[in-house]
Amino acid sequence: MSGEPYKSIDVKVFGDILNRKYFIDETEEQKQDELIDIIKKIHTVEIIYNQTKINWKKEFDRIDVGGYGFKCKEDVKFEYKQKPEDDASVIYLVPNKIYELQDKIDLKEPRCEKGKQLLTVLSDAFERLKVKAMHVLQSSGKDIHIAHYANKNMQVAQRICYDARIRFSKIQSFGSREAIYSVYLQNIFMINVVQYLNKMFSQYYKGVEFNKDKAKLDMYDLVDLNMIMEAKPAYGANAVQSIENANQRKPMCPWNGQTNSLVTLFYDLMHTKTEEGDKNLLGASAETVTEMIHSIFSDKNGNIISKHTIATILKEYRDEKRAKGKKRIDVDPYKG
C-alpha cells in the first residue's frame, strides 16, 4: 500500500491470487489451520521508517489499521524489526484472523479441498478490500482523490475480470471438474468485486456503468456449465474406450420431431404449475432433465442429443433457443 491510500491499487491482490502466486505447491493439499499462513503471506503489511530507532509502541497506537484492510487492531499482530544495514526500522502488520465473506454470493459448495481453500482466500481478500475502500471514502479530503482511487481500481478489476473470463473459456478443453469449478469461482468473485466497486464509488467513477447480470450471462455463454458436474476427463487408452462406449450406446427412444421442441416440452413441464399452484408439473432440476434426455432420446437422425444443446435450451434466459408457435407442445391440458 502506498503512503496515500487513494493511490493504492487494492484490487491487484485478486490478480495475484488468481495467478496462484501464493499457492506454492498445488499438488500438496493444505489443511484449514495452514490457511492462515497463506493469508499472512498475502496481507502482511510492511511499514518502513527511515531511522534505526523509533518509539514503536507509540507508532503502533498511531497506525490506522483500516487503511491496510484490518477491521480492528485485535485482528493484527504487530512486529517490530530494526535494519541497521539500511538505516531503517520496520513495523509489520500481520493478520491473525481469516475474514468470512459477508456478502451473499450464490455458489455451489466446492467438492475438493483446493476449491475450499480458494473460496476462503478470495472471501478474506474481498472483505479486506471493502475495509480499504471505505477507509478511502472516509479519509480522503478531496473528491478528486476518491475519483482517482475509484477509476484506477475499477480499470484493474475489470481487466482481472476479463482475464478470468478468458481463462474460463479455455479450461473447458482440458480441465478437470475441480479446475473448471476453480475458474468459475474466480469469475463469480471478480464480477462481484467489480459490482461492489461500481456501487461504492458510483458518484466518482467516470467509466461505463458495470452490469453484473450481463457480465454473468456473458460468462455463462462461454462454456457448458454442466461440465462442472461431469466426471474427470480420461486420457490415453481410457479416453478412447470411453468414446467407443459412448458411440455404441443406443438411446431407447428416437425423437422424430425437432430437438428444441422436445427440450422445450420438458422446460415447460418444469415451469408450469399444477391447477393447485403449489407444484410444477415436473419436479426436476435442469441437470436431471439434461441427463435424462441425453440418456433416453436420440434425434430424428438417430444421433445422441448433446448435453450442451439440452442445457442451453433449458437455461431460463435462452428463450430464443426454445420452440415457438405450432412447434411448441402445449402442456396446459395436463395441469390437473
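The values are calculated or read from the model by the stated rules, or taken from the named source; none is laboratory data. Given the structure is predicted, the values throughout are model-derived calculations rather than measurements. A quick note on method: Cβ atoms are made from the backbone with ideal geometry, for glycine too, and the neighbour counts reach across all protein chains shown.
Of all the residues that make up region 31-40, how many are surrounded by 14 or more Cβ atoms within 10 Å (Cβ to Cβ) and over 25 Å from Asp86 (Cα atoms)? Outline the logic, then answer.
Initially, region 31-40 is screened for residues surrounded by 14 or more Cβ atoms within 10 Å (Cβ to Cβ), giving 35-36, 38-40.
Filter once more, so that each one left must be over 25 Å from Asp86 (Cα atoms): 35-36, 38-39.
Residues flagged as surrounded by 14 or more Cβ atoms within 10 Å (Cβ to Cβ) and over 25 Å from Asp86 (Cα atoms) within region 31-40 amount to 4.
Which residues, taken from region 297-312, are over 15 Å from Thr264 (Cβ atoms) and part of a strand (DSSP E or B)? Give the steps one after another, and end with the answer.
Step one: filter region 297-312 for residues over 15 Å from Thr264 (Cβ atoms), giving 298, 300-304, 306-308.
Answer for region 297-312, where residues must be over 15 Å from Thr264 (Cβ atoms) and part of a strand (DSSP E or B): Ser298, Ile304.
Just a yes or no: is a residue in region 143-163 among the hydroxyl-bearing types (Ser, Thr, Tyr), modelled with pLDDT of 90 or more and more than 18 Å from Leu101 (Cβ to Cβ)? Walk me through how you get there before you give the answer.
Step one: of region 143-163, the residues among the hydroxyl-bearing types (Ser, Thr, Tyr) are 149, 162.
Checking which are modelled with pLDDT of 90 or more leaves us with 149.
From what is left, the residues that are more than 18 Å from Leu101 (Cβ to Cβ) are 149.
Yes.
Which members of region 81-93 meet the condition of being exposed (fewer than 14 other Cβ atoms within 10 Å of the Cβ) and in contact with a strand residue (DSSP E or B) (Cβ under 9 Å, 6 or more places away or on another chain)? Walk me through how you get there before you give the answer.
Just the residues of region 81-93 that are exposed (fewer than 14 other Cβ atoms within 10 Å of the Cβ), to begin with: 81, 83-87.
Lys81, Lys83, Asp86, listed by residue number.
In region 38-116, which strands (runs of 3 or more DSSP E) lie fully inside it and hold 1 or more residues that are assigned by TED's automatic domain parsing to the domain that holds Glu127, touching a Ser or Thr at 6+ places or on another chain (Cβ under 8 Å) and free of Cβ contacts under 8 Å to residues at least 24 places away in the same chain?
Numbers: elements: 45-49, 76-83, 88-95.
Filter on region 38-116 gives 76-83.
Okay, residues lined up against (1) surrounded by fewer than 19 Cβ atoms within 10 Å (Cβ to Cβ); (2) in contact with a strand residue (DSSP E or B) (Cβ under 8 Å, 6 or more places away or on another chain); (3) at pLDDT 85 or above; (4) hydrophobic (A, V, I, L, M, F, W, C):
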{"residue": "Phe168", "(1), (2), (3), (4)": "no, no, no, yes"}
{"residue": "Ser176", "(1), (2), (3), (4)": "yes, no, no, no"}
{"residue": "Ile180", "(1), (2), (3), (4)": "no, no, no, yes"}
{"residue": "Val183", "(1), (2), (3), (4)": "no, no, no, yes"}
{"residue": "Ser202", "(1), (2), (3), (4)": "yes, no, yes, no"}
{"residue": "Asp213", "(1), (2), (3), (4)": "yes, no, no, no"}
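Look at Lys104 and say whether it is at pLDDT below 90 and among the basic types (Lys, Arg). Write out each step before concluding.
Working: at pLDDT below 90: yes; among the basic types (Lys, Arg): yes.
Criteria met by Lys104.
Being at pLDDT 80 or above, surrounded by fewer than 16 Cβ atoms within 10 Å (Cβ to Cβ) and closer than 19 Å to Gly69 by Cβ narrows it down to one residue among Met134, Met190; which is it?
The unique qualifying residue is Met134.
Within region 200-213, is there a residue that is assigned to a helix (DSSP H, G or I) and under 16 Å from the mean Cα position of the chain (by Cα)? First the steps, then the outcome.
Of all residues in region 200-213, those assigned to a helix (DSSP H, G or I) come to 200, 212-213.
Narrowing the set further to residues that are under 16 Å from the mean Cα position of the chain (by Cα) leaves 212-213.
Checking region 200-213: at least one residue is assigned to a helix (DSSP H, G or I) and under 16 Å from the mean Cα position of the chain (by Cα).
Only residues that are among the small types (Gly, Ala, Ser) and closer than 25 Å to Ile304 by Cα: list them for region 262-283, please.
The first filter runs over region 262-283 and keeps only residues among the small types (Gly, Ala, Ser), leaving 277, 283.
Scanning region 262-283 gives a single hit, Gly283.
If you take the residues in region 129-160 that are in a helix (DSSP H, G or I) and among the charged types (D, E, K, R), which one is nearest to Val194 (Cα to Cα)?
Narrowing region 129-160 to residues in a helix (DSSP H, G or I): 129-139, 143-160.
This time we only want the ones that are among the charged types (D, E, K, R), so: 130, 132, 143, 152, 159.
Details: Lys130: 12, Lys132: 15, Asp143: 20, Lys152: 12, Arg159: 10 Å.
Applying the filter and picking the extreme gives Arg159.
Conditions tested, residue by residue: (1) of a type in the set (S, T, N, Q); (2) assigned by TED's automatic domain parsing to the domain that holds Tyr184; (3) at pLDDT 85 or above.
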{"position": "Gly236", "(1), (2), (3)": "no, no, no"}
{"position": "Met252", "(1), (2), (3)": "no, no, no"}
{"position": "Val263", "(1), (2), (3)": "no, no, yes"}
{"position": "Ser285", "(1), (2), (3)": "yes, no, yes"}
{"position": "Met292", "(1), (2), (3)": "no, no, yes"}
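Any chance you could count how many residues in region 41-63 are surrounded by 13 or more Cβ atoms within 10 Å (Cβ to Cβ) and among the basic types (Lys, Arg)?
Of the residues in that region, 1 qualify.
Return a yes/no flag: does region 322-329 have any residue that is out of contact with any Asp or Glu (no Cβ under 7 Å at 6 or more places or on another chain), loosely packed, with under 11 Cβ neighbours inside 10 Å, at positive phi and not assigned by TED's automatic domain parsing to the domain that holds Asp218.
Going residue by residue through region 322-329, those that are out of contact with any Asp or Glu (no Cβ under 7 Å at 6 or more places or on another chain) are 322-329.
Now drop any that are not loosely packed, with under 11 Cβ neighbours inside 10 Å, which leaves 325-326.
Within this subset, residues satisfying the condition of being at positive phi are 325.
The next check asks that each one be not assigned by TED's automatic domain parsing to the domain that holds Asp218; those that pass are 325.
Yes, region 322-329 contains a residue that is out of contact with any Asp or Glu (no Cβ under 7 Å at 6 or more places or on another chain), loosely packed, with under 11 Cβ neighbours inside 10 Å, at positive phi and not assigned by TED's automatic domain parsing to the domain that holds Asp218.
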